[in-house]
Each structure stands twice: as C-alpha cells, then as structure tokens.
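What follows is a set of notes on a single structure, which appears directly below.
The values are calculated or read from the model by the stated rules, or taken from the named source; none is laboratory data. What you see is a predicted model, and the numbers here were worked out from it, not measured in a lab. Using ideal geometry, Cβ is built from the backbone for each residue, glycine included, and neighbour counts are taken over all protein chains shown.
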C-alpha cells in the first residue's frame, strides 16, 4: 500500500496495491500494522458503517464532539464520490482548510480522517456504496456539523446546486464560525 499525507496534517490518502489476473483482482483492504507504520497513527477501529446513496446526495459535513470524536477510514465499494474533510482543530495551522478527493470502486483509494475533522461526501455516480471504519462509537448527543455550502470554505462539490439532495437535518447546519467545536 502507498500512504500519502495530504496538506492537512494527519489526513492520509491510502492507495492499495492491486493484484489483477484473468479471474479478477485481489488487494489487502486493511492491515493494521501497515496502516500504523504508514500513517504514524496507532488506532483501534471499533465500528464499521456503510451507506448507499443516489447521484447528488450530500452527506455531511459531520463530526462528533470530544470525548466522542471519531477518526475514520473511508472508501467506496460501488460507484464514485467526492469525499471532503475539513480541519476543525482550532490550534491547527490548517484550521478551516479542506481536502477533497474522488474515491471510487475503480480506484479503491481510502482516506484516513483523524479526529478533529468534519467529513462529508457527495455521490458523483448513479449510486454509490460508501464504507467507513471508526475508532469511536457513534454518540448522538455529540453530533455536530458544518453546512455544506459555507461560503468561507468554498467547497466545489462538482454537482450543480439544483441536483443536490440534502437531508433536512443537514440543510440547517451552521457555518464553521458558528458551529459547536471543542477541538
């Protein structure tokens, strides 16, 4: 596997080594030892989640407040998404900056998002199945988030605005400046 740190400290793109032959393909989707060596992060994933969404669906930008914050390792099993994370660590040199990458069933890339980041994605294909590992359990009382179209973040979601499908809850998230944050 190839591990590359993004411009956001602690956030990594992971590109697996894929073995193809006439039967199909094989790759190691997760190896804790290689992950920890490549990222310099000791982690214990405790929960796996999966979602299926249609073209234009935005899920995010979400995070959990401390002490329930979650690091995530995300990937796409079917389809293609634009995956976005935002550094919400107030003391970070990259606070308020975002990173975006296309994750797909074809490229099999993964993105590691450490604690202290908001996360979201939009579906670019007809449908997508998205999977992520978390290092902390979901805690509804710790939910927080940032509105997807915060003008200060200026995220290009790669989908025309009139094609976006947003949950009622996500439509009313606050801007980065207004959002609850204890990082």
Testing residue 161 on (1) within 23 Å of residue 55 (Cα to Cα); (2) at pLDDT 95 or above; (3) surrounded by fewer than 14 Cβ atoms within 10 Å (Cβ to Cβ), one condition comes back false. Which one is that? (2)
Residues satisfying the stated conditions in the stretch 1-15, i.e. crowded, with 20+ Cβ neighbours inside 10 Å and within 18 Å of residue 31 (Cβ to Cβ): 12, 14
Exactly one of (1) over 17 Å from residue 39 (Cβ atoms); (2) surrounded by fewer than 19 Cβ atoms within 10 Å (Cβ to Cβ); (3) out of contact with any strand residue (DSSP E or B) (no Cβ under 7 Å at 6 or more places or on another chain) is unmet by residue 150. Its number? (2)
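One line per residue, one yes/no per condition, for (1) under 25 Å from residue 124 (Cβ atoms); (2) touching a helix residue (DSSP H, G or I) at 6+ places or on another chain (Cβ under 8 Å); (3) assigned to a loop (DSSP other than H, G, I, E, B); (4) free of Cβ contacts under 8 Å to residues at least 24 places away in the same chain:
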| site | (1), (2), (3), (4) |
| --- | --- |
| 75 | yes, no, no, no |
| 81 | yes, no, no, no |
| 89 | no, no, yes, no |
| 108 | yes, no, yes, no |
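Give the stretch 39-66 a look and list any residue that's outside any strand (DSSP E or B) and either touching a residue at least 12 places away in the same chain (Cβ under 8 Å) or at positive phi (or both), or say none. Quick ask: steps written out before the conclusion?
Pass one, the stretch 39-66, residues outside any strand (DSSP E or B): 39-46, 55-56, 65-66.
Listed by number, the residues that qualify are 39, 40, 41, 43, 44, 45, 46, 55, 56, 65, 66.
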Do we have residue 137 as part of a loop (DSSP other than H, G, I, E, B), under 25 Å from residue 67 (Cβ atoms) and free of Cβ contacts under 8 Å to residues at least 12 places away in the same chain here? no
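Give me a count of the residues in the stretch 54-66 that are at pLDDT 95 or above and under 15 Å from the mean Cα position of the chain (by Cα). Reasoning before the result, please.
Keep residues of the stretch 54-66 that are at pLDDT 95 or above, which gives 54-59, 61-66.
Retained after the next criterion (residues that are under 15 Å from the mean Cα position of the chain (by Cα)): 57-59, 61-64.
Adding up the residues that qualify gives 7.
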By residue number, the members of the stretch 42-58 that are over 17 Å from residue 112 (Cα atoms) and in contact with a helix residue (DSSP H, G or I) (Cβ under 9 Å, 6 or more places away or on another chain) are 55, 56, 58
So for the stretch 2-10 (the condition being touching a strand residue (DSSP E or B) at 6+ places or on another chain (Cβ under 6 Å), at pLDDT 95 or above and assigned to a loop (DSSP other than H, G, I, E, B)), does at least one residue qualify? yes
Out of contact with any strand residue (DSSP E or B) (no Cβ under 8 Å at 6 or more places or on another chain) and surrounded by 21 or more Cβ atoms within 10 Å (Cβ to Cβ): is that true of residue 114 in this structure? yes
